[in-house]
1. Identify, by number, the condition in (1) touching a Phe, Trp or Tyr at 6+ places or on another chain (Cβ under 7 Å); (2) at pLDDT 95 or above; (3) farther than 22 Å from residue 56 by Cβ that residue 116 doesn't meet.
2. Return the residue satisfying two criteria in turn: it lies in segment 16-48 and is in contact with a Ser or Thr (Cβ under 9 Å, 6 or more places away or on another chain) and modelled with pLDDT under 95, and of such residues it is least open to solvent (accessible area, probe 1.4 Å).
3. When you scan segment 131-142, do you find a residue that is open to solvent by less than 20 Å² (accessible area, probe 1.4 Å) and in contact with a Ser or Thr (Cβ under 8 Å, 6 or more places away or on another chain), even just one?
4. Determine whether residue 119 is under 24 Å from residue 201 (Cα atoms) and open to solvent by 80 Å² or more (accessible area, probe 1.4 Å).
5. At least 1 residues that are near the ligand (Cβ under 10 Å from one of its atoms) in each: list the helices (runs of 4 or more DSSP H) lying fully within segment 129-241 that qualify.
6. Please determine whether any residue of segment 156-169 is out of contact with any Gly (no Cβ under 7 Å at 6 or more places or on another chain), of a type in the set (Gly, Ala, Ser) and in contact (Cβ under 8 Å) with a residue 24 or more places away in the chain.
7. List, please: which pairs have Cβ atoms under 7 Å, are six or more places apart or on different chains, and start with a residue in segment 121-140 that is assigned by TED's automatic domain parsing to the domain that holds residue 111 and more than 22 Å from residue 197 (Cβ to Cβ) and end with one that is open to solvent by less than 30 Å² (accessible area, probe 1.4 Å) and outside any helix (DSSP H, G or I)?
8. Within the set of pairs 6 or more residues apart or between chains, which connect a residue that is within 11 Å of residue 147 (Cβ to Cβ) and open to solvent by 10 Å² or more (accessible area, probe 1.4 Å) inside segment 49-69 to a residue that is among the β-branched types (Val, Ile, Thr) and at pLDDT 95 or above with Cβ atoms less than 8 Å apart?
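The values are calculated or read from the model by the stated rules, or taken from the named source; none is laboratory data. These numbers were taken from a predicted model, which means no experiment stands behind them. Note that each Cβ is placed from the backbone with ideal geometry, even for glycine, and that neighbours are counted across all protein chains shown. Surface accessibility is based on the protein's heavy atoms, side chains included, excluding ligands, DNA and RNA. Shrake-Rupley method; radii C 1.70, N 1.55, O 1.52, S 1.80 Å.
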Amino acid sequence: MARLKQHTKSEGTADDAYSLNHRLTEIYRLLLARCGPQHWWPADTPFEVIVGAILTQSAAWGNVEKAISNLKQARVMTPASLRKLPLDKLAKLVYPSGYYNAKALKLKSFVEHLEEAHRDSLEKLFSLDILRLRSELLDIHGIGPETADSIILYAARKPIFVIDAYTRRILSRLGLSPSGDDYPAFQALFMDNLPADEKLFNEYHALLVRHGKEVCKKAPLCEKCCLRHLCFYAVTKNKSD
Ligand code: SF4
């Protein structure tokens, strides 16, 4: 696919590209060896992935699971049922995920768009190429880059790299921040330097989230980290201690 944005700090020469590919591949290899496959996204259907991707905005996953369980118990985990459900009832069901009025509205916007543009068919929506699919998702109320990319990767199963706060924190500490230091620049770092492989992007992002939650936390547990010998933060911290 066409690159979404191409500027990274180390971009320029074939050696730089080799080095970034080598480093990103090594980080992936070490995380996979340490944590094993993550089996993402935890959902029964692609539609449930989309609902989860919207509900997880600014929310802990445990709370999203409670909201999803409410939707399943109420038997409304389909686009048509969510459309029929009054907004206030939907808001009550997704209450555990926080910002429940706003999130109910976002879910409604998605299912209304799906009916209007694709006759309620996720297959039709997902038959778009990645750039058109992304652009269409970004036009729906409440869907930003991270949510759109989560839907493309984990529901449509197309190769795009999802960037979140964990990924940014880990990459920055490792000394791999791109010069733009924004969402497109982080995304280009992965997509310009790794093969466009949906399974690789799926597993890599899931591993980064796990590593960010358990090891490279706000206060990082560097002594337990399988990446410490590659890490700019750990090396400079050791020198200053
Ligand atoms: S060594 Fe520390 S700062 Fe570096 S990736 Fe590991 S936990 Fe994060």
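1. (1)
2. 20
3. First pass over segment 131-142, keeping only residues open to solvent by less than 20 Å² (accessible area, probe 1.4 Å): 133, 137, 140.
Among the residues that remain, those that are also in contact with a Ser or Thr (Cβ under 8 Å, 6 or more places away or on another chain) are: 137, 140.
Yes, segment 131-142 has at least one match.
4. Values: under 24 Å from residue 201 (Cα atoms): no; open to solvent by 80 Å² or more (accessible area, probe 1.4 Å): yes.
For residue 119, the condition - under 24 Å from residue 201 (Cα atoms) and open to solvent by 80 Å² or more (accessible area, probe 1.4 Å) - is not met.
5. Values: elements: 130-138, 145-150, 165-174, 183-191, 198-214, 232-240.
The helices (runs of 4 or more DSSP H) meeting that bar are 165-174, 198-214, 232-240.
6. From segment 156-169, those out of contact with any Gly (no Cβ under 7 Å at 6 or more places or on another chain) are 156-165, 167-168; that's our starting set.
Okay, now just the ones that are also of a type in the set (Gly, Ala, Ser), so 156, 165.
If we keep only those that are in contact (Cβ under 8 Å) with a residue 24 or more places away in the chain as well, we get 156, 165.
Yes, segment 156-169 contains at least one residue that is out of contact with any Gly (no Cβ under 7 Å at 6 or more places or on another chain), of a type in the set (Gly, Ala, Ser) and in contact (Cβ under 8 Å) with a residue 24 or more places away in the chain.
7. Correct list of pairs: 136/128.
8. 56/64; 57/147
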